[in-house]
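S.K.: Pasting a structure below so you can have a look.
The numbers here are math on the coordinates, done by the rules we state, and not lab data. Remember, it's a predicted structure, so these values are computed and weren't measured experimentally. Heads up, the Cβs are rebuilt from the backbone with ideal geometry, glycines too, and the neighbour counts pull from every protein chain shown.
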Amino acid sequence: MQTATIAQLRKEMQHLSHAELLTVCTRMIKYKKENKELLSYVLFESKNEQAFLLEVKQEIHAQFDEVNTASIFWAKKTLRKILRMIVKQAKFSGQPATAIELHIYFCQQLQQLPYPIFESNVVQTMYSNQLKKINKYILSIHEDLQFDYAQIVGQLLT
């Protein structure tokens, strides 16, 4: 069975009634947690991006409190888990400024962890990859915001 393209699906959905569309959407969100999370973002949180950003930052902060700094192995696993959550939330938003804010916040929280964590090459690589991602996102936003975020990234490099 071959999956239909987005254009084909959109064209077919135009022929559905409101009730049929609700049924299809409800059925779709039952099967995957990420679909439910995306729909929750679209319906409830997309209208107030700043509140969404604050909520995600609080979640990141809570997860950073749980990082086991006694063992670099467990710290890396937790940091990767946090990054997966950040990438997912940034994908839901679809706005480069939100992605930049989340990745910058991750880097700032990472800097506050105890020093031995940064002795790990994996953590250093993770940090530098986040800075690369931030710089990539910066190129896709307005020039005024580019300057502001570039200054923040400059502070992260020191």
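S.K.: Mind checking which of Ala51, Ala99, Ala75 has the largest fluctuation in a GNM of the chain, springs on alpha carbons under 10 Å?
M.R.: Fluctuation is largest for Ala51.
S.K.: Could you give the dipole magnitude of region 52-158 about its Cα centre, charging the beta-carbon of Lys and Arg +1 and that of Asp and Glu -1, in debye to the nearest 20?
M.R.: 560
S.K.: Quote to one decimal, in nm, the extra length available between Met28 and Gln50 on full extension: 0.36 nm per residue of separation minus the C-alpha distance between them. Walk me through the numbers on the way to the answer.
M.R.: Numbers: separation 22, 0.36 × 22 = 7.92 nm, distance 2.81 nm.
That pair, Met28 and Gln50, stretches by 5.1 nm at full extension.
S.K.: Structure shown: which of Lys47/Lys77; Lys47/Lys132; Lys30/Lys136; Lys77/Lys133; Lys47/Lys133 lie over 27 Å apart, alpha-carbon to alpha-carbon? Intermediate results must be reported in sequence, preceding the final value.
M.R.: On the way: Lys47/Lys77 33 Å; Lys47/Lys132 29 Å; Lys30/Lys136 35 Å; Lys77/Lys133 20 Å; Lys47/Lys133 25 Å.
Exceeds cut-off: Lys47/Lys77; Lys47/Lys132; Lys30/Lys136.
S.K.: With axes computed from alpha carbons, what is the tilt in degrees of helix 121-138 against the longest principal axis of the chain, rounded to the nearest 10 within 0 to 90?
M.R.: Taking the Cα atoms of the chain, the angle to 121-138 is about 60 degrees.
S.K.: How much length is gained if the chain between Glu119 and Asp148 is pulled fully straight, taking 0.36 nm per residue apart and subtracting their Cα-Cα distance, in nm to one decimal?
M.R.: Numbers: separation 29, 0.36 × 29 = 10.44 nm, distance 2.98 nm.
Length gained, Glu119 through Asp148: 7.5 nm.
S.K.: Now for a different question. Once Cα Rg over 2.2 N^0.38 Å is worked out from the coordinates, which option in (i) 1.27; (ii) 0.97; (iii) 1.15 does it equal?
M.R.: Here Cα Rg over 2.2 N^0.38 Å agrees with entry (i).
S.K.: Enumerate by residue number the GluC sites (Glu not before Pro) in region 47-91 meeting two conditions: DSSP loop (anything except H, G, I, E, B), and at most 12 other Cβ atoms within 10 Å of the site's Cβ.
M.R.: Answer by residue number: Glu66.
S.K.: Here is a further query. Can you tell me how much longer the chain between Leu39 and Ala4 gets when fully stretched, taken as 0.36 nm per residue apart minus their C-alpha distance, in nm with one decimal?
M.R.: The span from Leu39 to Ala4 would gain 10.5 nm if fully extended.
S.K.: I need the phi-derived Karplus couplings for region 47-55: 6.51 cos²θ - 1.76 cosθ + 1.60, θ = phi - 60°, integer Hz, Gly and Pro marked x.
M.R.: 6, 10, 5, 5, 5, 4, 4, 5, 5
S.K.: I need the trypsin sites (Lys or Arg not before Pro) found in region 2-42, filtered to DSSP loop residues with at most 10 other beta carbons within 10 Å of theirs.
M.R.: Values: sites: Arg10, Lys11, Arg27, Lys30, Lys32, Lys33, Lys36; in loops: Lys32.
When the trypsin sites (Lys or Arg not before Pro) of region 2-42 are filtered for loop state and at most 10 Cβ neighbours within 10 Å, Lys32 remain.
S.K.: Using θ = phi - 60° and the Karplus form 6.51 cos²θ - 1.76 cosθ + 1.60, what ³J(HN,Hα) does each residue of region 11-20 get, whole Hz, x for Gly and Pro?
M.R.: Once θ is set to phi - 60°, the couplings for region 11-20 become 5, 5, 5, 5, 8, 7, 6, 4, 5, 5 Hz.
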